[in-house]
């Protein structure tokens, strides 16, 4: 505050011009903000992607909101969001806290954990498509009864197979976040607790976890908003199948628009996606003290 | 800050009655607490297996012959390893797609960095309402899923006669990297003390001088972070290349692996060789710059 007061007059004379922010704002506006407007417009048109869009009133919205396919996709996306969060958060939290320890071997583990982050989503999908193959996959070839399932062919199993592969891809990233967060907790807290006789579990529960709550918020936000964008993995891994078992909202949008050439309907689905993303962020900001986290970040 | 002081004391006092006995041997107790964590070690090793078995399987399978794949134990080392699969991938134009990926990644990352750094500098140093408003736009922009705008982006790119060019991937990729890049840079630039700027101003420096010879060198760590993060994202991007390009010679690596898989459906060792080759460039960078890579990523999202 004090520095701001001192320099305020100087800044007013010669603060950097808005012009400097303009290139970034323009680029972002052209490819993200204006498209949001266009997609709303397109959702009221009939368009096959080639000719000119024709006004169609609320037809697409009527279809989108009453179609079983889209409703199912929306429901599936929410379920996926919840299950993924429940699976990934505890694993990455525990792993992150674990590898934050000072021992050499833990640092080494963290090095290997990082590997999935380097592999492109398309490649990860291809790897697991083959690994989980009912004929030539790992479970089948090794004759492991538990693993020998038709993972991607059974509607119920396919959903959890996707959850697992997403976790495989993203747990390393969230582990990194928790590792970094844990390292920032002052060791004096643990020393004091140990002197008071608190065991490891008590320390984890009463020091580590409360101290990591901003990291939990950051990680969860990225995870939840990310759930709205898992397109490429599902597209390559299952194509949305079997049946509609893994047809999440982004994939539903892609298939409707770019495979069935119903861009208008696909635009309506896109608007639902944007709305879900914004709503989710607003909820997170409102209820988790995200804004406090910002200021703390700036202060550290 | 208030969080730092509250939680721990109250609980440890309430829960542990024998606290008076503890102070006699704190160092030994601490050492013991740090050393023995068998459930943690077990869980850590289990996850290591989950991470490494698929990777190991990919590598050994890519070295098998096509016939050898069907009757081999999938986790055994190949009896007579062959590089035939890798030759097949290299003959399918791998180096060309590698070059496309490099061009797209470098182009998008440089563009993002240049415009984001200017914006972040202006947002931190400026006072105008327009700049504050710009920052809010970027904050909100984080929540826009890029999938949701792909149809209009496709429409715009087609209208601009850019469809099926590498530039068609570069521009939207850069645009979607801007919000997070600006926010990370802003958070970092805020910590540069005003006094440094003031003393430069006293020497008669203008904004471009201060930006170039003060803000830029001081934000090196943050710049490394966002470079790595943005480059990884663009490099592995799939949706924009899938929708905004069409001809085989405009493919980038993720799309190449995908289409290669479609073409060679039954030649699994060759498909996995393509997976290995598409990952190799990043893996090589990782081996060389591991510390900065991990350090950069965690610093950017630290609490």
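We did not get these values from a lab; they are worked out from the coordinates using the rules stated. Please read these numbers as outputs of a predicted model, since none were measured by experiment. Cβ placement follows ideal geometry from the backbone for every residue including glycine, while neighbour counts extend to all protein chains displayed.
Could I have the simple spin-label model distance between residue A:26 and residue A:104, label points 7 Å from Cα toward Cβ, reported in nm to one decimal?
Distance between label points: 5.6 nm.
Take every Cα pair under 8 Å in chain A that's 6+ residues apart, average their separations, divide by the length, and report that relative contact order as a whole percent. Mind showing how you got there, number by number?
Numbers: 312 pairs, mean separation 80.4, N = 300.
Across chain A, relative contact order equals 27 percent.
Listing B:125, B:66 from the residue with the fewest other Cβ atoms within 10 Å to the one with the most, what is the order?
The fewest-first ordering by Cβ neighbours comes to B:66, B:125.
To make sure I understand, if each residue's beta carbon is the centre and we count other beta carbons within 10 Å, what order do B:280, B:139 fall in, fewest to most?
Details: B:280 14, B:139 18.
Taking fewest neighbouring Cβ atoms as first place, the list is B:280, B:139.
What fraction, in whole percent, of alpha-carbon pairs in the protein assembly as shown exceed 39 Å separation?
On the way: 62802 of 181503 pairs.
Here the tail beyond 39 Å accounts for 35 percent of pairs.
Could you work out the helix-only [θ] at 222 nm for chain B, with each DSSP H run of four or more residues adding -39,500 (n - 2.57) and the total divided by the number of residues, to the nearest 500 deg cm²/dmol?
Mean residue ellipticity at 222 nm (helix-derived): -24000 deg cm²/dmol.
Can you tell me the length gained on complete extension of the stretch residue A:260 to residue A:78, counting 0.36 nm per residue apart and subtracting the Cα distance? If you can, show how the numbers build up before the last one.
Working: separation 182, 0.36 × 182 = 65.52 nm, distance 2.42 nm.
Result: 63.1 nm gained on full extension.
Based only on the alpha carbon positions, what is the Kirkwood hydrodynamic radius of chain A, in angstrom? Let's see the in-between values first.
Working: mean 1/r = 0.0441 Å⁻¹.
Taking the inverse mean of 1/r over all distinct Cα pairs, chain A comes out at 22.7 Å.
Run the simple label-point estimate for residue A:204 and residue A:148 please: 7 Å along Cα→C-beta, distance reported in nm.
Simple spin-label model gives 3.6 nm for this pair.
Name the residue, out of B:144, B:169, B:243, whose mean-square fluctuation peaks in a Gaussian network model built on chain B with Cα pairs under 10 Å.
B:144
With the calculation restricted to Cα positions, what are the radius of gyration and Dmax of segment B:155-223 in angstrom?
Radius of gyration, then largest Cα-Cα span, for segment B:155-223: 17.8, 51 Å.
Running Debye on segment B:170-303 with equal point scatterers at the Cα sites and no solvent, what base-10 log of I(q)/I(0) appears at q = 0.12, 0.20 Å⁻¹?
For segment B:170-303 at q = 0.12, 0.20 Å⁻¹, log10 I(q)/I(0) is -0.66, -1.17.
Obtain the radius of gyration and the Kirkwood radius of segment B:198-263 from its C-alpha atoms and give Rg over Rh. Don't skip to the answer; put the middle values down first.
Numbers: Rg = 20.6 Å, Rh = 15.3 Å.
So for segment B:198-263, dividing Rg by the Kirkwood Rh gives 1.35.
Which of A:54, A:158, A:24 moves most in a GNM of chain A, Cα contacts under 10 Å?
Of A:54, A:158, A:24, the most mobile in the Gaussian network model is A:24.
Using a Gaussian network model of chain A whose springs link C-alpha atoms within less than 10 Å, name the residue from A:218, A:66, A:246 with the highest mean-square fluctuation.
Sorting by GNM fluctuation, first place goes to A:66.
In units of 2.2 N^0.38 Å, what is the alpha-carbon radius of gyration of segment A:226-290?
Numbers: Rg = 13.7 Å, N = 65, 2.2 N^0.38 = 10.7 Å.
So segment A:226-290 has a normalised radius of gyration of 1.28.
One-quarter of the Cα convex hull surface for segment B:62-103, in nm²?
Reported value for the Cα convex hull: 3.6 nm².
I'd like the mean, over residues of A:93-105, of how many other protein chain beta carbons sit within 10 Å of each residue's own Cβ.
Details: counts 0, 5, 5, 1, 1, 7, 3, 0, 5, 1, 4, 0, 3.
Neighbouring Cβ atoms belonging to other protein chains average 3 per residue here.
As a test of the definition: which semi-axes, in Å, follow for chain B when you take the square root of five times each eigenvalue of its alpha carbon gyration tensor? Largest first, please.
Over the Cα atoms of chain B, the ellipsoid semi-axes are 41, 37, 17 Å.
Over the C-alpha atoms of segment A:38-81, what are the Rg and the largest Cα-to-Cα span, Dmax, in Å?
Radius of gyration, then largest Cα-Cα span, for segment A:38-81: 12.8, 37 Å.
Would you mind estimating how fast segment A:16-110 diffuses translationally, via Stokes-Einstein at 4 °C and 1.567 mPa s with the Kirkwood radius over Cα pairs, in µm²/s? Intermediate results must be reported in sequence, preceding the final value.
Details: Rh = 18.6 Å.
Rounded to a whole number, D works out at 70 µm²/s.
Quick one: grab Rg to one decimal and Dmax as a whole number for segment B:80-218, Cα atoms only, in Å.
20.8, 72
Find the Rg to Rh ratio for segment A:51-185, where Rh is the Kirkwood radius over alpha-carbon pairs and Rg uses the same atoms. Before the final figure, lay out each step's value.
On the way: Rg = 20.1 Å, Rh = 17.9 Å.
Here Rg/Rh amounts to 1.12.
Along the three principal axes, how long is segment B:36-86 when you take its alpha carbons, biggest first, rounded to the nearest angstrom?
Each principal axis gives a Cα extent; for segment B:36-86 these are 47, 20, 13 Å.
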